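The values are calculated or read from the model by the stated rules, or taken from the named source; none is laboratory data. These figures come from a predicted structure and were not determined experimentally. Here the Cβ positions follow ideal geometry from the backbone for every residue, glycine too, while neighbour counts run over all protein chains shown. For the accessible areas, the whole protein counts, side chains as well, though only heavy atoms, and no ligand, DNA or RNA atoms are used. Shrake-Rupley method; radii C 1.70, N 1.55, O 1.52, S 1.80 Å.
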Amino acid sequence: MNIYLGTDIVYIPRIQAALDRFGDRFLQKVYTPAEQTDCQQINSQLSSIKGKMGRVSCNQLAGRWAAKEAIVKALGTGWRGLRYTDVEVQRSHSGVPNVQLHGTAAALAATRGNCQWQLSLSHDGDYCTATAIALCSPPVTTPVGPDSETKI
């Protein structure tokens, strides 16, 4: 079992500034449609309870950005060769964050074997943090060469 760790911290107003400046262009480039929908649903649910709009969604988006950064750090690549939407953060029905990898990120993770991801996000004031852990069983390799047997 190999363990890979990544962590990140995000200043939430920086994400708000990107939303203010670039709007939907920023959302489309960084977040999958499912992530956008999920953050909007959280915002709608909480705004009807607390009477607040906007800040909750920005907090959720910032948390997902921190999570994406932590995940690519655990992969060991940073964003080199990856699209932001190759890394997706979803919630289970109970609210637990889940990692979904697509495209190049999924292919890269597959080279590490069968990986199970653990993800933790936290928010406090103007900051959010995320820690990602990948627990990977090394890939099974089939021996090739004169000493290996081939069974049909």
Practice item. Report, by residue number, each residue of segment 1-19 that is without any contact (Cβ under 8 Å) to a residue 40 or more places away in the chain and either within 19 Å of Leu119 (Cα to Cα) or out of contact with any helix residue (DSSP H, G or I) (no Cβ under 9 Å at 6 or more places or on another chain) (or both). Key: Ala17
Check your understanding: In segment 79-103, what count of residues is obtained for those that are outside any loop (DSSP other than H, G, I, E, B), touching an Asp or Glu at 6+ places or on another chain (Cβ under 8 Å) and modelled with pLDDT of 95 or more?
Key -> 6
Check your understanding: So, of the residues in segment 65-78 that are assigned to a helix (DSSP H, G or I) and open to solvent by 10 Å² or more (accessible area, probe 1.4 Å), which turns out to be farthest from Leu121 (Cα to Cα)?
Key -> Lys73
Point to revise | Thr37 part of a helix (DSSP H, G or I), at pLDDT below 90, closer than 30 Å to Ala110 by Cα and open to solvent by 20 Å² or more (accessible area, probe 1.4 Å) | key: yes
Revision key, fill the gap. Inside segment 1-15, the number of residues satisfying the requirement of being surrounded by fewer than 14 Cβ atoms within 10 Å (Cβ to Cβ) and polar (S, T, N, Q) is 1
